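Here is the structure we will look at.
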Amino acid sequence: MKKILFIVAFASLSIFANAQQVSSRAKALRIMSYARPEYMVKDVKIIADTMTVYTLSEQVIYPFGKWNTLEEYITNTELQWYREVGYRKFMNGMEVSVNTIKRLDGSFIDIYRSITTGKVEMLSAKITDPEIVFRNGLHVGMTMQEVYMVYFTKFLKSYVVDVNVLKIISGAGEVSQIYTFKGKKLRHLQVRSDYKFY
């Protein structure tokens, strides 16, 4: 009798675990149905406290807009930046000149100028300064609802109640934006790239 009860309990736990996975996927599909068309969202996944949004929008690759030179971007922001120049190795061992622009709070953006696109490309960024604003208006200090309303037409609060991290990933997976929330406010923005070309 104990064996039968154990088997029934184990089966119930397995069914419950599967139901949780289906529930998470159902939430993701519902959220995706409210995605703004300009972001061309192709998939949404919710795992634990992280929501990942896969998009074909070039906003992920160029969050600060397209610039021919770093000086154009610096002039456009009207902010005081501190600049460092260095070199980074890429896939084939080529060394590429990388400019790092920084703010006093430690926020930084690593940038290089691509000979392929002729544009300023971002390698990485860490932003805690609310003065630094993405092209779509996102900046540190916004509420979770304000951030979600940039990408979606409706804020499903009950669906994201446990979400503390929002990842926006480019279709090829080469660039990702990571938004970290604390107390339902955007506290930290990070950009990561995995470019395999120059």
Evaluate E = 1/(1 + (r/R0)^6) for Asp194 and Phe155, where r is the Cβ-Cβ distance and R0 equals 30 Å; express this FRET efficiency to the nearest 0.05.
0.50
Per-residue ellipticity at 222 nm for the chain, helices alone: DSSP H runs ≥ 4 residues times -39500 (n - 2.57), over residue total, nearest 500 deg cm²/dmol?
-8000 deg cm²/dmol
Given (i) 158; (ii) 123; (iii) 235, which label gives volume of the Cα convex hull per residue in Å³ as computed from the coordinates?
(i)
Descending packing, highest mean Cβ count within 10 Å first, for 34-45, 75-86 is 34-45, 75-86
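Could you pull out every whole DSSP H run in the chain that spans at least 18 Å of Cα extent along its own axis and averages 1.6 or higher on the Kyte-Doolittle scale?
Membrane-span-like by this rule: not one helix.
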If you place +1 on the Cβ of every Lys and Arg, -1 on the Cβ of every Asp and Glu, and leave all else neutral, what size is the dipole of the chain about its Cα centre, to the nearest 20 Debye?
960
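Since every read-out is calculated from the coordinates, none of them should be taken as a lab result. All figures in this text were calculated on a predicted structure; none of them were measured in a lab. Ideal geometry is used to build each Cβ from the backbone, glycine not excepted, and the neighbour counts take in all protein chains shown.
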